[in-house]
1. When residue 304 is evaluated against the numbered criteria (1) assigned by TED's automatic domain parsing to the domain that holds residue 196; (2) assigned to a helix (DSSP H, G or I); (3) buried (at least 24 other Cβ atoms within 10 Å of the Cβ), which criterion, by number, is the only one it fails?
2. Residue under question is residue 329, and the condition is that it be part of a loop (DSSP other than H, G, I, E, B), free of Cβ contacts under 8 Å to residues at least 12 places away in the same chain and either over 19 Å from residue 178 (Cα atoms) or in the same structural domain as residue 28 (by TED's automatic domain parsing) (or both); does it hold?
3. Looking only at residues in region 127-145 that are touching a residue at least 40 places away in the same chain (Cβ under 8 Å) and part of a strand (DSSP E or B), which one is surrounded by the most Cβ atoms within 10 Å (Cβ to Cβ)?
4. Only one of 91, 110, 151 is free of Cβ contacts under 8 Å to residues at least 40 places away in the same chain and assigned to a strand (DSSP E or B). Can you tell me which?
5. Pairs only if they're at least six apart or on different chains, beta carbon under 9 angstrom, first in region 6-31 and within 10 Å of residue 365 (Cβ to Cβ), second assigned to a loop (DSSP other than H, G, I, E, B) and modelled with pLDDT under 55; list them, first residue then second.
6. May I ask you to verify whether residue 208 is assigned by TED's automatic domain parsing to the domain that holds residue 127 and either over 24 Å from the mean Cα position of the chain (by Cα) or buried (at least 19 other Cβ atoms within 10 Å of the Cβ) (or both)?
7. When region 290-314 is examined, which residues are found to be in contact with a helix residue (DSSP H, G or I) (Cβ under 7 Å, 6 or more places away or on another chain) and either at pLDDT 75 or above or on the phi > 0 side of the Ramachandran plot (or both)?
8. Can you tell which of 113, 35 is farther than 26 Å from residue 248 by Cβ and surrounded by 12 or more Cβ atoms within 10 Å (Cβ to Cβ)?
């Protein structure tokens, strides 16, 4: 694996939806500054075409039924999303412009390392108080499953699930944090016979196994919030994920210290919310040995959104949670994807932190993918995880 290697989709870069197709003239949809991207449009009815530079609309026009070509000038580093809509069907594709040149705009505080060193020390001063509940319904003759929880800052706890193979070991560790909402309501079910698995949720309470019930529980705890992730410093110290980062960091330390752990292989997987957590933990947790993410979020985006909505309470904390500042400290093998029509965790946001990683890394930009999963990337992910668990 070579540093900076960029893996592109091997498909044609065409998105089809009903009677509309859009196709850039390059299969990987990547261009350099000064290039011109040519887009081919085919539609059976008149369509409205929207062209958005880094997901802020700047052009809309109509096209009649038929086959057309139009161009997108590539002037600055970033991403452009093209969407064609006939009122019933739509199609989208992305265009990337010199993504390697996209730089973060958040300054790094001089005390960034001191801030997180002190935070980790604050958590470490609290007795861990690990509590394990055996889950026979999720255990087999080959491994035992547990619901786990650990004491955390703010007089809270952090909750998740652990599986341990029924043997002496040593075993590598596969760990994860789920995407936003009530996800991973039971132990992980991958690699269990040969590795220790640990999945940790971000909430200060355990989630029930029924998804609808879990959704009601989360809504009941945060009834006035735009989303639990938007809670400000008046409700939790600094930021909702401050507590989650510290708690999950300690949970990972606990797993690495298990007598059955081999202490040499600890691979992380995370998507969306789990991606943002992964970037932070890759910088802070010395037990992790490799990381693979899918369409990762970035905590700084959440703080910036709160700012746009009139809440400035967290702006002074933004640099301490920015993915780019964590990424600068990532030294383990790292792989991620970015959907070029993802308007939530945009490829621009991913590129900002990805470009700061100086170690062994890969990225897969998928021209027609939104906030989702790409089958080829999932295949690559499985190979990467297997290799990193065993190398």
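The values are calculated or read from the model by the stated rules, or taken from the named source; none is laboratory data. Since the structure is predicted, the reported quantities are computational estimates derived from the model, not experimental observations. As a convention, Cβ positions derive from the backbone with ideal geometry for all residues, glycine included, and neighbour counts pool all protein chains shown.
1. Result: residue 304 fails condition (3) only.
2. Spelling it out, it is not the case that residue 329 is part of a loop (DSSP other than H, G, I, E, B), free of Cβ contacts under 8 Å to residues at least 12 places away in the same chain and either over 19 Å from residue 178 (Cα atoms) or in the same structural domain as residue 28 (by TED's automatic domain parsing) (or both).
3. Step by step, filter region 127-145, then rank; the result is 145.
4. On inspection, the qualifying residue turns out to be 151.
5. Close Cβ pairs satisfying both conditions: 28/9; 28/10; 28/13; 29/9; 29/13.
6. Criteria not met by residue 208.
7. Listed by number, the residues that qualify are 290, 291, 292, 293, 294, 295, 296, 297, 298, 299, 300, 301.
8. 35
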